[in-house]
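Please read the structure below before turning to the comments.
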Amino acid sequence: MAKRTLLKHSINHIMNKKVFDRYMRLPMPCNKILATYVWIDGSGINMRCKDRILTYMPFCPEQAPEWHFDGSSTGQATADNSDTTLKPCAIYKDPFRCEPHVLILCEVYHSDGKPAASNNRKYCNNLCELHAAEEPWFGLEQEYTMVDVDGWGLGWPKGGGFPAVKYQYSYCGVGAKYIAGRDVSEAHAKACLYAGLDFEGTNAEVMFACWEWQIGVSNGIKGADDLWISRYIMSRVAEDYGVDITYHPKPFGHLHPGVGMHHNFSTNKMRTEGGYKFIEECMKKLETNHMKHMKVYGNDEMTNKMRLSGKFETSPFDKFSWGIANRKTSVRLQRGIKEKDKGYIEDRRPAGDCDPYLVCGLLMETCLGGAGG
Ligand code: ADP
Ligand code: MN
Ligand code: MN
Ligand code: MN
Ligand code: MN
C-alpha cells in the first residue's frame, strides 16, 4: 500500500509567474476562444472545471455547446455508465485569461436526461420563473475561512496554537495583528467584478483569517448562479496564493466562531408599502417549515447544527425565531421596517457550505408557494 503523506506546502504560488506571463501574452488567433466549463461535483460543495477551444465567443448559454465528462471521477456516476452531460446555464468573462475568453457555468445531467443529485439549479430556476412577476431579489453573504494546505488557519500559529487576538477585533479589522489574507479577498473582488458578477462587497470576519463577500442585490436565479461562479473564482485565486478555502460551518470547533451564508430576500410585495404584513405572514410560514429548511441549509445538517449553537450571534438549530435588528434570531428584520411598512428579510440559518439554489428555492417555495420539482 502506497504511503499517503499530507501536503505541507502548495507548489502553485512559487512557480515562476514571470515566465508564465510570457505565454499568457502570446496573441491568440481571433477564432480561438478558450472556454472553461465549470460545475458542482458530487460533493455538493467542491467545483470542477475543464477547458475546450471554441471557434466563436458565446454571448448566452444557449449559444455554448453541451459537453460531457466522466461522472465516475467526480462522484456523479458509476464507471459502467459514466457519460455525464454539462449543460451551460450562465456565461461570464474569464478574469484569468481576459476577454474574449469565457467561464461557462453548467448544470449536470445524467445520460437519461435526469439532473444529477447535486444539480439543484433546475428546482430553483423553476421557482424563479413561476414567481418572476414578484421579482424575487436575493443578497447572499458568503463567509469563508482561509487555510494552509495542511488544514490549519492561514497565519494561525503552527503546532496547534490559536491566534491570541480577541475575535471582536478581527471583524472588519485592519492591521497585521488582526487580519490575514487580505490579498486573496482583494484579488477575488476585482476578478469577480471583471467577470460581470453582481458582486457587492467584502469584509474581514470575526475569526482570524475568516472573510466574507456579498453577491446582490440580484433578481432571480442570477444571485445563486453568481454565488457559485464566485466560489469557483475564489478557488482559482486562492490557488495562486497556495491557500485553501473552506466553507465548513464550524471549522475549528465549538470554541471558535462559525461560518455562514446569510440569505437576504425580498419580493415586490415586501418592498411595497403594506409589505410588513406580508413579511409577518412569511415569518409564520417559515416557522412552520423550520426543520424542512434546516435539512437542506448546509452541505451536512450535523455540521450546521454545530454552528447554530446559540453562541457567536447564532440562534439554536432546532428552534425558529425572528426579530427586528436581533442577530441572535433565525431571521432578522431591518431596524425601522415596521415604520416603513416594507423591507426585506435576512435568513441567518444557512451554513457557509449551503447550496444557494436550495436555500433561495425553498425561501420562494415556503413564502410564495409552488413547487420547483
Ligand atoms: P450584514 O453583515 O449586516 O448582515 P451585509 O451588508 O453583509 O449586512 O449584507 C446585506 C445584504 O442584504 C446584501 O447582500 C444586500 O444585497 C442585501 N439586500 C439589501 N436590500 C435587499 C432587498 N431589498 N432584498 C434582498 N436583499 C437585500
Ligand atoms: Mn479523457
Ligand atoms: Mn455581512
Ligand atoms: Mn458575516
Ligand atoms: Mn448578515
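Annotation: of all residues in segment 332-370 being free of Cβ contacts under 8 Å to residues at least 24 places away in the same chain and part of a loop (DSSP other than H, G, I, E, B), the one that is nearest to K285 (Cα to Cα) is G369. Counting only strands (runs of 3 or more DSSP E) that fall entirely inside segment 75-167 and contain at least 1 residues that are touching a Pro at 6+ places or on another chain (Cβ under 7 Å) and within 16 Å of ligand 4 (Cβ to nearest atom), the qualifying elements are 137-147. Starting from residues that are under 30 Å from Y167 (Cβ atoms) and not polar (S, T, N, Q), keep the ones in segment 257-282 and report whichever is surrounded by the most Cβ atoms within 10 Å (Cβ to Cβ). Only one residue tops the list, namely G260. Note on segment 202-229: residues that are within 16 Å of ligand 4 (Cβ to nearest atom), in contact with a strand residue (DSSP E or B) (Cβ under 8 Å, 6 or more places away or on another chain) and under 30 Å from D148 (Cβ atoms) total 14. When the residues of segment 316-331 are filtered to those that are buried (at least 19 other Cβ atoms within 10 Å of the Cβ) and touching a helix residue (DSSP H, G or I) at 6+ places or on another chain (Cβ under 9 Å), the one that is nearest to R349 (Cα to Cα) is S330.
For segment 139-150, taking the residues that are among the charged types (D, E, K, R) and more than 16 Å from ligand 5 (Cβ to nearest atom), the one that is nearest to M364 (Cα to Cα) is identified as D148.
If I filter segment 19-29 for residues that are free of Cβ contacts under 8 Å to residues at least 24 places away in the same chain and farther than 24 Å from V237 by Cα, do I get at least one hit? Yes, segment 19-29 contains a residue that is free of Cβ contacts under 8 Å to residues at least 24 places away in the same chain and farther than 24 Å from V237 by Cα.
Restricting attention to segment 224-245, and to residues there that are of a type in the set (F, W, Y) and surrounded by 20 or more Cβ atoms within 10 Å (Cβ to Cβ), which single residue is nearest to ligand 1 (Cβ to nearest atom)? Looking at residues that are of a type in the set (F, W, Y) and surrounded by 20 or more Cβ atoms within 10 Å (Cβ to Cβ), I get W228. Among all positions in segment 227-236, there is no residue which is among the charged types (D, E, K, R), over 18 Å from M47 (Cα atoms) and modelled with pLDDT of 95 or more. With respect to M283, determine if the residue is part of a helix (DSSP H, G or I), over 18 Å from Y357 (Cα atoms) and within 16 Å of ligand 4 (Cβ to nearest atom). Considered against the rule, which asks whether it is part of a helix (DSSP H, G or I), over 18 Å from Y357 (Cα atoms) and within 16 Å of ligand 4 (Cβ to nearest atom), M283 comes out as no.
Scanning segment 290-310 for residues that are touching a helix residue (DSSP H, G or I) at 6+ places or on another chain (Cβ under 9 Å), surrounded by 17 or more Cβ atoms within 10 Å (Cβ to Cβ) and of a type outside the set (A, V, I, L, M, F, W, C) returns H293, Y297, G298, N304, K305.
Okay, residues lined up against (1) within 16 Å of ligand 5 (Cβ to nearest atom); (2) buried (at least 16 other Cβ atoms within 10 Å of the Cβ):
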| residue | (1), (2) |
| --- | --- |
| W137 | yes, yes |
| W152 | no, yes |
| W156 | no, yes |
| Q168 | no, no |
| Y171 | yes, yes |
| I215 | yes, yes |
| K222 | no, yes |
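If we scan segment 35-51, do we find a residue that is among the β-branched types (V, I, T) and out of contact with any helix residue (DSSP H, G or I) (no Cβ under 9 Å at 6 or more places or on another chain)? There is no residue in segment 35-51 that is among the β-branched types (V, I, T) and out of contact with any helix residue (DSSP H, G or I) (no Cβ under 9 Å at 6 or more places or on another chain). Remark: W213 falls outside the filter, which requires a residue to be touching a residue at least 40 places away in the same chain (Cβ under 8 Å) and more than 22 Å from K93 (Cα to Cα). Checking each residue in segment 172-194 for being in contact with a helix residue (DSSP H, G or I) (Cβ under 7 Å, 6 or more places away or on another chain) and either over 17 Å from I245 (Cβ atoms) or within 14 Å of ligand 3 (Cβ to nearest atom) (or both) picks out only Y178. When you check S185 against the structure, is it polar (S, T, N, Q), farther than 30 Å from R271 by Cα, under 15 Å from the mean Cα position of the chain (by Cα) and within 16 Å of ligand 1 (Cβ to nearest atom), yes or no? Judged against the criteria, S185 is a match.
The values are calculated or read from the model by the stated rules, or taken from the named source; none is laboratory data. Here the structure is a predicted model, which means the values were calculated and not measured. Because the Cβ atoms are built from the backbone with ideal geometry, glycine has one as well, and the counts that use them run over all protein chains shown.
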